[in-house]
1. Using the Cα centre as the reference, give the magnitude of the dipole from point charges on the C-beta atoms of the chain (Lys, Arg: +1; Asp, Glu: -1; all else neutral), rounded to the nearest 20 debye.
2. On the protein heavy atoms, probe 1.4 angstrom, tell me the percent of accessible surface of the chain carried by carbon and sulfur.
3. How much accessible surface does Ser372 have with a 1.4 Å probe, in Å² rounded to 10?
4. Using the heavy atoms of the protein chains and a 1.4 angstrom probe, tell me the accessible area per residue for the chain in square angstrom.
5. Among Lys256/Lys367; Lys184/Lys295; Lys184/Lys350; Lys184/Lys327, which pairs are too far apart, with a Cα-Cα distance over 29 Å?
6. Calculate how many DSSP beta bridges within segment 305-368 are antiparallel, expressed in % of all such bridges and rounded to the nearest 5.
7. Considering Cα pairs under 8 angstrom that are at least six residues apart, work out the relative contact order of the chain and quote it in whole percent.
8. Spin-label point model (7 Å from Cα, Cβ direction): what's the Ser221 to Met138 distance in nm?
Amino acid sequence: MRFLPKSTFGQTVMLIAGLLLINQIVTYISVINYFIRPSYQQINALVATQVEQIFLQGLNSPDNPLHEEFMETTGTRFHTTETAMHAGLRDATYYSFMSDEISQRLGGETDVRTTGGVNYLIWIRPPQDPNIWISIPMQGLEESDFSPLTIYLIVISILSVAGGWLFVRRLNRPLQALQKAARKVGKGQFPDPLPLEGSSEMVAVSNAFNKMSQGIHQLESDRVLMTAGISHDLRTPLTRIRLASEMLPDDQDWVKDGIEHDIEDMNAIIDQFIDYARQDQQEASENVDLNRLIKELIEGRLLESGHNIELQITQLPNAKLRVIGIKRVLDNLIENAFRYGSKNICIITKVDHQSKSLICNIRDYGKGIPESDIPMLFAPFAQGDKARGSVGSGLGLAITKRIVESHGGKMLFTNHASGGLSAGFSLPYSS
C-alpha cells in the first residue's frame, strides 16, 4: 500500500504501534467485560432490590411512620419531576444499559440517570409510580472513579510507543551510518571505520563493511601505485626514443616527425591513465559559481578558426565543486563536441529546484550517435564513437564520469530532437 512507510524504521514503528493499539483495545474490552460490567450489574441489582423494598414496605409514602427514618438513614429522597429538576436531575446523564437492566428487574420501563461530583446520585423513575423520582446516593463512588482505566491505558500506550520508537531509532542509527559510509565508498572516498555498536547482527555487518572498505582502499592504492609505476617506466624508453630520433639525418625528417608525433600521443595516453587512476580526490572543494568556471574556461581556450561557442546560461546558485576537476569535465566535453560534432556548439546551464541540481549541457549540431551506443561511451577503454573516427585511449569520458559522480552528480547524454548530441551533466547543490 502506498500509505505504508518504505523505510524499515517507519515500518517497525508502525508495526509496534499497531500491535500496542490492538493490545490496548483487547485489554479495554476485557476490563469492561470482566471487571466494570460485573460491578455495574451488582450495583443495578442492589438499586433494583432497594426500589422493590421501598414499594413493598410503602416507604415512599409520607404517611408511613418509617418514611423519615428511612430517608435519614439511607439518604434516599423522593421528588416530583419539578423538585427533581431543582435538585439536580437537569444535570444528570442518562445511561441506557442501566435503564434496560433495572427495567428487567423491576418488570417495567424505568428511567435511570446519574449525577457525578462530590455527591454521586442515581436518579430512578420506577414503573411502580412514574410520577416520582427517587434519588439514591452511592457512598464511595464518584465520577472520577471510572476514568483512571482510560487514563492508565492512554499513558501505557504513549509510553509503549515512545519506548518502541526509541528502540527502533537506536537500531536504525547504525544503518544510517552504514548508508552514508557506503555512499562515500561509492564516490571513491574512504570514511573512518564504523563504530561497532547496536545488535550483534548490526555489529557483524559493520565489521564486515569496515573490512570491505579497507580492502577496497588497499586495492585502489595498489592500482594507483601500479598505474603510476607503469607510466613512469614507459616514459624512460620514450625519452630514449625521442633522443635517438634527434640523431637521424636531415633527409629522414619525415621519420623523425612521425616518431615525435607518436611519442606525444603516447605521453597523452599515459597522462590519461594517471588521471583515471587518481580521480582528482586530492583537490579540495570550493563554493563556486559553475557559470564563472565556464566563462573562465572559454576565455582561456584558444579556439580554432571557424569554431564558435554560444552561451545560454541562467543564474545558478553556488555549489561545492573541485574547480580543476569540473574544468577538466567541461574541457573534455567541449573538445569532443568540436572534434566529433560541429564547429558551432552551444553551452546551456539551468537549475532544477525540485531535485536541487545544476544542469549543464554542451550541444553540437552534428549527426549524433546511435542511442544504443550512449551507455558504452563511459566504459574505460571503450570507444563508442567509432563511426566518427575516435582516437586515443578511450578514457576521456570515463574520467569525466568519475569526476561528476564523485561530486554526487550524473552524466546526461542524449541526441537532440533537432539534431546533434547534447552531452552534459547534473551536479547537486545545497540551498
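1. Details: 40 positive and 48 negative charges, 216 e Å.
Roughly 1040 debye for the chain.
2. 57 percent
3. 90 Å²
4. Numbers: 25960 Å² over 431 residues.
For the chain, the solvent-accessible area averages 60 Å² per residue.
5. Distance filter (> 29 Å) returns Lys256/Lys367; Lys184/Lys295.
6. Working: 8 of 13 bridges.
Bridges in segment 305-368 that DSSP calls antiparallel: roughly 60 percent.
7. Over the chain, the number comes to 9 percent.
8. That separation, rounded to one decimal, is 7.9 nm.
The values are calculated or read from the model by the stated rules, or taken from the named source; none is laboratory data. Predicted model, so just to flag it, every value in this text is computed and none were measured. No Cβ is skipped: glycine too gets one built from the backbone with ideal geometry, and neighbour counts run over all protein chains shown. SASA here: full protein model, heavy atoms, side chains in, ligands and nucleic acids out. Shrake-Rupley method; radii C 1.70, N 1.55, O 1.52, S 1.80 Å.
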